[in-house]
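Derivation of every value follows stated rules applied to the coordinates shown; laboratory data play no part. The shown structure was predicted, so the numbers you read here are calculated from the model rather than taken from an experiment. Here the Cβ positions follow ideal geometry from the backbone for every residue, glycine too, while neighbour counts run over all protein chains shown.
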Amino acid sequence: MDLVVATRNKDKLREIKELLKGLRVKVFSLDSFNDVPEVVEDGKTLEGNAIKKAVQVSEFLKKFVVSDDSGLEVEYLKGDPGVYSARFSGKNATYKTNNEKLMKLLKKIPLSKRKACFRCVIAVADKGKVIGIAEGKCCGNIDFESKGDNGFGYDPVFIPDGFKKTFAQMGASQKNKISHRSIALKGAKKIISDHLSLYL
């Protein structure tokens, strides 16, 4: 069965494909289709954005769709960047400019006040109807500088609890054991698997 991941982000797609291994699905991204309209992510919550993307894309393609929205919530910044994580530094935001803005806002802030959590919400929809939602969370601290070349997004500045390395200093297999997305995808995998059984 075909499964569409509602993203054009190649980094996110690679991570999701790895975590969905073992399911009897052929995974595609939005780049595999020419005419899918862009979904405006204007939700006030990660859940709202994930549901909107999953429903609209699955309704348009008449296919089985997984959509995620993830965000970094920094305690000192009262939960920001949160739902605005991807565009934190403005309209033309990049991973680099987002991290630079975060470092600037936390300049001279001690480690005890640099607590943060990565959150991921995944919505699963089929032909325009939501069939399940899963959520994952990974907490830790924001480092004082960018470290590591792996991963993407805020990975170079986020140190998960119990570790001394940033996500970007870890290998993909280590990160995928503890990340917010891997936790959410475990839940989503069960939703997908249960739904697939209806077609067998």
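Of all lysines in the structure, those lying under 20 Å Cα to Cα from Lys101, and not within fewer than 8 positions of it along the same chain, are Lys78, Lys91, Lys113, Lys115, Lys147. Each of His195, His180 was scored by other Cβ atoms within 10 Å of its Cβ. Arranged with the fewest first, they read His195, His180. Mean residue ellipticity at 222 nm, helices only, the chain: -9500 deg cm²/dmol; runs of at least 4 DSSP H residues each add -39,500 (n - 2.57), and the sum is divided by the number of residues. Could you work out how far the C-alpha centroid of segment 4-79 sits from that of segment 90-139, in angstrom? Going from one Cα centre to the other spans 14 Å.
Can you give the relative contact order of segment 36-89 as a percent, counting alpha carbon pairs under 8 Å and 6+ residues apart? Write out the running numbers ahead of the final one.
Numbers: 58 pairs, mean separation 14.7, N = 54.
It rounds to 27 percent for segment 36-89.
Among 121-128, 9-16, the peptide with the highest mean count of other Cβ atoms within 10 Å heads the list, and the full ranking is 121-128, 9-16. Normalised by the number of residues in segment 139-199, the average gap of Cα pairs under 8 Å and 6 or more apart makes the relative contact order 24 percent. The GluC sites (Glu not before Pro) of segment 76-173 that meet both conditions, a loop assignment by DSSP and at most 16 other Cβ atoms within 10 Å of the site Cβ, are Glu145.
Bridgeable aspartates and glutamates around Lys63 (alpha carbons under 18 Å apart, same-chain partners fewer than 8 residues away excluded): Asp2, Asp31, Asp35, Glu38, Asp126, Asp194. Taking the chain, the Cys residues with no second Cys beta-carbon under 4.7 angstrom are Cys120, Cys138. Computing percent of Cα pairs over 30 Å apart for the structure here picks out one of (1) 30; (2) 20; (3) 13, namely (2). Give the shape of segment 1-100 as rounded, prolate or oblate, defined through the alpha-carbon gyration tensor: a ≥ b ≥ c are the square roots of its eigenvalues, a/c under 1.5 means rounded, and otherwise the shape is prolate if a/b is larger than b/c and oblate if not. Judged from the Cα gyration tensor, segment 1-100 comes out prolate (a/c at least 1.5, a/b above b/c). Taking every alpha-carbon pair under 8 Å whose residues sit at least 6 apart, segment 2-199 reaches a relative contact order of 19 percent. In this structure, the amide hydrogen of Val4, modeled 1.01 Å from its nitrogen in the peptide plane, lies closer than 5 angstrom to those of Phe28, Phe64, Val65, Val66, counting only residues at least 5 positions away or on a different chain. Pairs with C-alpha atoms separated by more than 18 Å, drawn from the list Lys12/Lys186; Lys137/Lys186; Lys17/Lys177; Lys62/Lys186; Lys12/Lys104, are Lys62/Lys186; Lys12/Lys104.
Of all complete DSSP H helices in the chain, those with a Cα span along the helix axis of 20 Å or greater and a mean Kyte-Doolittle hydropathy of -1.0 or more are 46-61, 180-196.
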